[in-house]
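Encoded as structure tokens, the structure appears first; notes follow it.
Readers should treat all values here as calculations from the given coordinates under stated rules, not as data from a laboratory. Keep in mind that what you see is a predicted model, and the values were worked out from it rather than measured. As a convention, Cβ positions derive from the backbone with ideal geometry for all residues, glycine included, and neighbour counts pool all protein chains shown.
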Amino acid sequence: MAADIQASQSEIVHPLDHLIRTDRIPHIWCPGCGIGTVFSACLKAMISSRIDLEKTCMVSGIGCTGRAAGYLNLDSFHTTHGRAIPFATGLKLANPELNVIVFSGDGDLFAIGGNHFIHGARRNVDMTVICVNNFIYGMTGGQVGATTPVKAKTTTTPVGNPDAPFNLPLLAWASGANYVARWTMLHIRKLTACIEKALTRKGFSFIEVLAPCPTNYGRKNKENSLETLRLYRDKTIIKNNVDPSELDMDFEKGIILGEFVSRERPTCIENYDRTCRIP
Amino acid sequence: MKFLGEPYDTDVIKVAKGKVVIIEERCKGCGYCIEFCPRSVLAFSKGFNKKGYHLPFAQKPDECVNCHYCEIICPEFAIFSEVHTITKL
Ligand SMILES: Cc1ncc(C[n+]2csc(CCOP(=O)(O)OP(=O)(O)O)c2C)c(N)n1
Ligand code: SF4
Ligand code: SF4
Ligand code: SF4
């Protein structure tokens with residue numbers, strides 16, 4: 001062990017330790033996996049937004065990203081595959097005081113859970129949905145998903161993916177989300193600022209975050225995790241408020257990042273009260 | 001710091017200095033903190049932790065400006081920076 005690093009290791013407290021279940025750290029995510037960085041940005045934003053953390057909970061589905069809820073030292077729920085949004089909807093409707101955060105993967109939210117996503121956004125349920133998009137089903141060994149870029153190699157598309165991936169911000173906008181943004185795990189300060197904004201806004205907020213899965217996506221596509229991050233730096237363009245139809249996932253053209261939608265449609269609870277709770 | 005022409009306010013501008021702290025057993029040696037530190041403070045050390053991952057160490061500790069970037073990019077909650085001293089330019 002290098003003596004030039006530090007002495008009393010066991011006494012060191014990381015600034016986010018009060019929000020994580022430190023007994024479960026190191027977490028299960030692989031070296032270079034981007035999920036931890038996005039999770040850490042989410043924790044930072046939860047603190048800086050000054051929301052009441054006693055009234056905040058996190059819901060995840062299944063997958064590597066889905067493990068996040070289990071590391072949060074607040075009320076958190078690890079639900080079944082694809083069902084984070086309906087579970088979170090129930091939480092919010094039963095206790096409207098809660099700040100509800102959904103933190104899950106692209107496969108969980110948009111493949112098996114795709115229908116729940118569009119209806120959560122349509123009804124504009126008051127919650128913040130953070131999707132870690134690593135282009136693949138990480139946990140189960142790297143199968144092609146609804147977000148895998150064209151021509152990308154996966155275990156189930158050995159010669160390349162023939163199909164077009166979802167443009168997630170376009171889908172969120174078209175379905176009715178109040179707030180939509182996209183960043184990568186390298187753009188952490190912008191990402192944290194947007195999560196902070198999303199947490200304090202009303203209605204359905206959606207943030208897509210690109211993050212590497214070096215173990216399954218990276219290895220198959222000959223891209224180590226540092227190379228993926230360099231791609232995020234060199235092949236992205238920040239353009240706020242562009243037409244969501246321009247946001248397709250095409251690294252040759254360049255990936256557009258930014259804040260794209262910020263509107264005030266009435267929320268699910270407001271609509272319900274107005275229609276069903278007749279005074 | 002060296003200047004071509006010295007700005008008039010060098011005596012009032014203060015530069016934050018930081019100190020990086022590494023929690024060795026959490027690090028998985030991804031190298032993100034090393035690659036993306038804007039001041040090239042960090043480098044891989046020869047040593048490794050119990051799990052066998054190579055750790056970063058502050059090779060140029062005096063260059064750290066306490067920007068926290070290593071802290072926010074680390075996926076492992078394994079590194080952070082804190083205020084060291086505030087010096088003049
Ligand atoms: C009903 C059901 N179907 C399939 C699975 C297997 N399964 C577990 S995780 C996963 C995909 C997760 O992918 P994603 O949400 O992208 O998360 P990642 O692991 O990439 O973070 C699948 C298909 C399951 N657990 N339950
Ligand atoms: S398999 Fe991929 S997504 Fe899962 S922890 Fe490893 S790198 Fe991350
Ligand atoms: S705080 Fe900033 S300058 Fe200091 S080591 Fe970390 S990234 Fe480098
Ligand atoms: S970013 Fe974190 S896990 Fe990666 S090398 Fe630096 S301290 Fe270790």
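Exactly one residue out of A:ALA68, A:ALA45 is part of a helix (DSSP H, G or I), in contact with an Asp or Glu (Cβ under 9 Å, 6 or more places away or on another chain) and within 14 Å of another protein chain (Cβ to nearest Cβ), and it is A:ALA45.
Just to be sure I understand, how many residues within the range A:15-42 are under 12 Å from A:THR65 (Cα atoms) and either more than 11 Å from chain B (Cβ to nearest Cβ) or not hydroxyl-bearing (Ser, Thr, Tyr) (or both)? Please lay out each step first, then the result.
Of the residues in the range A:15-42, the ones under 12 Å from A:THR65 (Cα atoms) are A:27-30, A:33-39.
Filter once more, so that each one left must be either more than 11 Å from chain B (Cβ to nearest Cβ) or not hydroxyl-bearing (Ser, Thr, Tyr) (or both): A:27-30, A:33-36, A:38-39.
Summing the residues that are under 12 Å from A:THR65 (Cα atoms) and either more than 11 Å from chain B (Cβ to nearest Cβ) or not hydroxyl-bearing (Ser, Thr, Tyr) (or both) in the range A:15-42 gives 10.
If you check A:GLY141, A:GLY82, A:GLY160, A:GLY145 for being more than 20 Å from A:ILE35 (Cβ to Cβ) and assigned to a loop (DSSP other than H, G, I, E, B), only one passes: A:GLY160. Restricting the search to helices (runs of 4 or more DSSP H) fully inside the range A:181-279 and requiring at least 3 residues that are within 16 Å of ligand 4 (Cβ to nearest atom) and either touching a Lys or Arg at 6+ places or on another chain (Cβ under 6 Å) or not charged (D, E, K, R) (or both) gives A:225-234. Filtering A:SER225, A:SER245 for residues that are small (Gly, Ala, Ser), away from ligand 3 (no atom under 16 Å from the Cβ) and within 24 Å of A:LEU170 (Cβ to Cβ) leaves a single hit, A:SER245.
Given the structure, is B:VAL83 more than 9 Å from ligand 4 (Cβ to nearest atom), under 27 Å from A:PRO26 (Cα atoms), over 9 Å from the mean Cα position of the chain (by Cα) and touching a residue at least 24 places away in the same chain (Cβ under 8 Å)?
yes
Quick check on my filter: what residues within the range A:72-88 are touching a helix residue (DSSP H, G or I) at 6+ places or on another chain (Cβ under 6 Å) and buried (at least 21 other Cβ atoms within 10 Å of the Cβ)? Once the filter is applied, which keeps residues that are touching a helix residue (DSSP H, G or I) at 6+ places or on another chain (Cβ under 6 Å) and buried (at least 21 other Cβ atoms within 10 Å of the Cβ), the range A:72-88 yields A:THR79, A:GLY82, A:ILE85.
Evaluation of A:THR236 against the conditions (1) polar (S, T, N, Q); (2) crowded, with 22+ Cβ neighbours inside 10 Å; (3) more than 19 Å from A:SER104 (Cα to Cα) shows that the sole unmet condition is (2). For the range B:57-70, the set of residues classified as facing chain A (nearest Cβ under 9 Å) and touching a helix residue (DSSP H, G or I) at 6+ places or on another chain (Cβ under 8 Å) consists of B:TYR69 only. Examine the range B:57-65 for a residue that is farther than 24 Å from A:ARG67 by Cα and either assigned to a strand (DSSP E or B) or away from ligand 3 (no atom under 14 Å from the Cβ) (or both), and state whether such a residue exists. Checked the range B:57-65: at least one residue is farther than 24 Å from A:ARG67 by Cα and either assigned to a strand (DSSP E or B) or away from ligand 3 (no atom under 14 Å from the Cβ) (or both).
Pull up the range B:18-56, narrow it to residues that are more than 7 Å from chain A (Cβ to nearest Cβ) and under 16 Å from B:HIS84 (Cβ atoms), then point me to the one that is surrounded by the most Cβ atoms within 10 Å (Cβ to Cβ). The qualifying residue surrounded by the most Cβ atoms within 10 Å (Cβ to Cβ) is B:LEU42. For B:GLU71, the requirement of being part of a helix (DSSP H, G or I) and either away from ligand 3 (no atom under 14 Å from the Cβ) or among the aromatic types (Phe, Trp, Tyr) (or both) is not met.
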